[in-house]
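Report on the structure given below.
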Amino acid sequence: MMYSPEQLSDLEQIRTLKHRYFRCIDTANIAELGELFTPDVTIDYRGGHYRVSLSGRENLLEFLANSFHSDALAMHHGHMPEIRLTGADSASGTWYLEDVFISRTDRTRVSGSAIYTDRYLRCADGWRIAHSEYDRIIELVDRLSDDVTISSHYLRDVGRRPEQRSDMSRFISWNVSTR
Amino acid sequence: MMYSPEQLSDLEQIRTLKHRYFRCIDTANIAELGELFTPDVTIDYRGGHYRVSLSGRENLLEFLANSFHSDALAMHHGHMPEIRLTGADSASGTWYLEDVFISRTDRTRVSGSAIYTDRYLRCADGWRIAHSEYDRIIELVDRLSDDVTISSHYLRDVGRRPEQRSDMSRFISWNVSTR
Amino acid sequence: MMYSPEQLSDLEQIRTLKHRYFRCIDTANIAELGELFTPDVTIDYRGGHYRVSLSGRENLLEFLANSFHSDALAMHHGHMPEIRLTGADSASGTWYLEDVFISRTDRTRVSGSAIYTDRYLRCADGWRIAHSEYDRIIELVDRLSDDVTISSHYLRDVGRRPEQRSDMSRFISWNVSTR
């Protein structure tokens with residue numbers, strides 16, 4: 001079994017698509033995020049103390065714009081893709097996430113890892129994310145100690161300020177039980 | 001010097017092989033790990049306070065099943081491969097690891113980085129890992145403070161429970177001196 | 001739009017070039033770093049409390065040899081490349097960094113993320129880095145607590161010792177204000 005040049009090109013484009021996704025969420029680049037999904041994209045993120053379920057590109061963009069807000073310090077790095085071409089214009093992908101999410105207001109920090117299972121479709125203007133879900137592998141929650149100085153915070157300038165945010169509770173269920 | 005399409009296909013397959021390795025250790029997927037190594041695989045992991053040396057796929061699988069147990073929170077991310085095709089059916093690879101390993105029982109955390117040097121062989125059913133070794137670049141050991149909540153822990157459900165584990169001391173030497 | 005085999009080969013070589021850069025800085029491999037840049041390379045690293053601006057390969061190598069010294073514990077991982085071929089022999093690249101830099105002497109730790117924008121040129125002996133700049137996304141500064149044990153420290157043996165270091169202040173401006 002060998003990949004053809006056409007398949008290698010597809011793998012390259014699909015990887016770059018997901019790379020753009022991670023860069024754009026952490027920089028609240030909602031305009032570019034709008035180019036990455038199919039209109040009927042579906043999401044199911046199963047975290048340790050939350051679950052995000054939604055469908056539709058407009059809902060997803062609104063959810064991301066509210067999540068990566070001006071009080072958030074966010075790092076989401078997707079690693080080690082395993083892409084499978086499942087048809088001429090479809091593919092699936094496994095990625096391994098490392099993430100850190102700090103709320104500046106209350107200095108809560110959530111950090112951990114997760115494994116994504118995605119589906120991609122080739123559309124008229126290139127590959128798009130059609131479905132994305134993940135399960136947590138590890139997740140830790142703590143508070144930044146007082147001796148930690150925040151010396152760079154990109155989203156403070158570009159993320160939505162409190163008065164710009166809207167209620168996202170219809171997309172998130174919170175699970176207060178921890179194990 | 002240019003890579004041929006055949007070589008690019010080999011590089012893609014070797015990368016994915018190692019990606020599967022990292023995903024499978026952190027999720028204790030011993031069945032899939034069994035597909036990734038040559039029967040006579042050799043291992044030499046030189047950590048800061050441990051060294052793991054062993055040979056043979058069965059020994060390696062037993063070592064991994066015992067290491068990624070139900071008390072372990074593990075994240076092993078292999079980055080930035082430099083793959084060299086050394087023959088028609090052989091290759092070597094350099095990878096740069098980031099890892100976190102937490103023992104839930106005593107809340108000890110080992111975190112750091114290491115550089116791998118691997119060898120790969122093309123077998124009847126695809127590329128396999130024939131040798132893997134690493135040297136530590138940085139390694140820190142501490143204990144999780146009491147205010148850290150563990151909110152996801154995948155291995156708790158799928159890793160070997162205490163009564164299922166066996167003695168691995170023949171594969172590990174402990175170096176209590178730290179520098 | 002599809003990548004040709006020649007383009008895929010270029011992408012592979014450019015990725016590996018940058019992978020070598022990250023491995024070599026954290027291991028103070030100045031000899032190999034000398035192979036990675038054009039003679040007139042330009043650098044602009046905009047951190048949270050520092051900015052590094054310089055030009056010329058010799059200046060860059062001297063800066064790196066002084067920065068990755070025997071008191072430094074360093075981890076620099078470049079992720080999720082987005083490479084654009086901008087001409088027959090030129091390319092640009094976006095990378096997403098995670099880094100940790102600990103000074104062993106005063107136990108200061110700087111950790112965070114940044115987004116690189118690079119330019120690459122194909123030279124007689126392969127692709128080289130012609131320009132590299134980054135902006136911070138998040139940056140945290142704290143001190144290692146006393147209960148953290150350093151159990152591996154590669155640069156302690158290979159990095160420049162205090163008496164070997166030279167003054168780099170002409171390349172760095174420090175910004176003491178944090179936000």
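Scan the range C:6-55 for residues that are crowded, with 19+ Cβ neighbours inside 10 Å, within 13 Å of chain A (Cβ to nearest Cβ) and over 17 Å from C:Tyr120 (Cα atoms) and report the count.
Here the count works out to 2.
Which one of the conditions (1) under 30 Å from C:Ser145 (Cβ atoms); (2) surrounded by 20 or more Cβ atoms within 10 Å (Cβ to Cβ); (3) charged (D, E, K, R) does B:Arg107 fail to meet, given that it meets all the rest?
Of the numbered conditions (1) under 30 Å from C:Ser145 (Cβ atoms); (2) surrounded by 20 or more Cβ atoms within 10 Å (Cβ to Cβ); (3) charged (D, E, K, R), the odd one out for B:Arg107 is (2).
If I go through the range B:62-86 residue by residue, how many of them are on the phi > 0 side of the Ramachandran plot and out of contact with any Lys or Arg (no Cβ under 8 Å at 6 or more places or on another chain)?
The initial filter retains those residues of the range B:62-86 that are on the phi > 0 side of the Ramachandran plot, namely B:80.
Narrowing the set further to residues that are out of contact with any Lys or Arg (no Cβ under 8 Å at 6 or more places or on another chain) leaves none.
Counting residues in the range B:62-86 that are on the phi > 0 side of the Ramachandran plot and out of contact with any Lys or Arg (no Cβ under 8 Å at 6 or more places or on another chain) gives 0.
For the range C:62-179, which strands (runs of 3 or more DSSP E) that fit wholly inside it have 3 or more residues that are in contact (Cβ under 8 Å) with a residue 12 or more places away in the chain, aliphatic (A, V, I, L, M) and within 14 Å of chain B (Cβ to nearest Cβ)? Step through it out loud before you land on a result.
Values: elements: C:72-87, C:90-103, C:108-123, C:126-143, C:149-153, C:172-174.
Ranges flagged: C:72-87, C:90-103.
Filter the range B:116-170 down to the residues that are under 18 Å from the mean Cα position of the chain (by Cα) and of a type in the set (Val, Ile, Thr), then identify the one that is nearest to B:Glu6 (Cα to Cα).
Checking each candidate, the answer is B:Ile129.
Just so you know, all these numbers are worked out from the coordinates, no wet-lab data involved. Keep in mind that this is a model prediction, so the values were computed, not measured. As a convention, Cβ positions derive from the backbone with ideal geometry for all residues, glycine included, and neighbour counts pool all protein chains shown.
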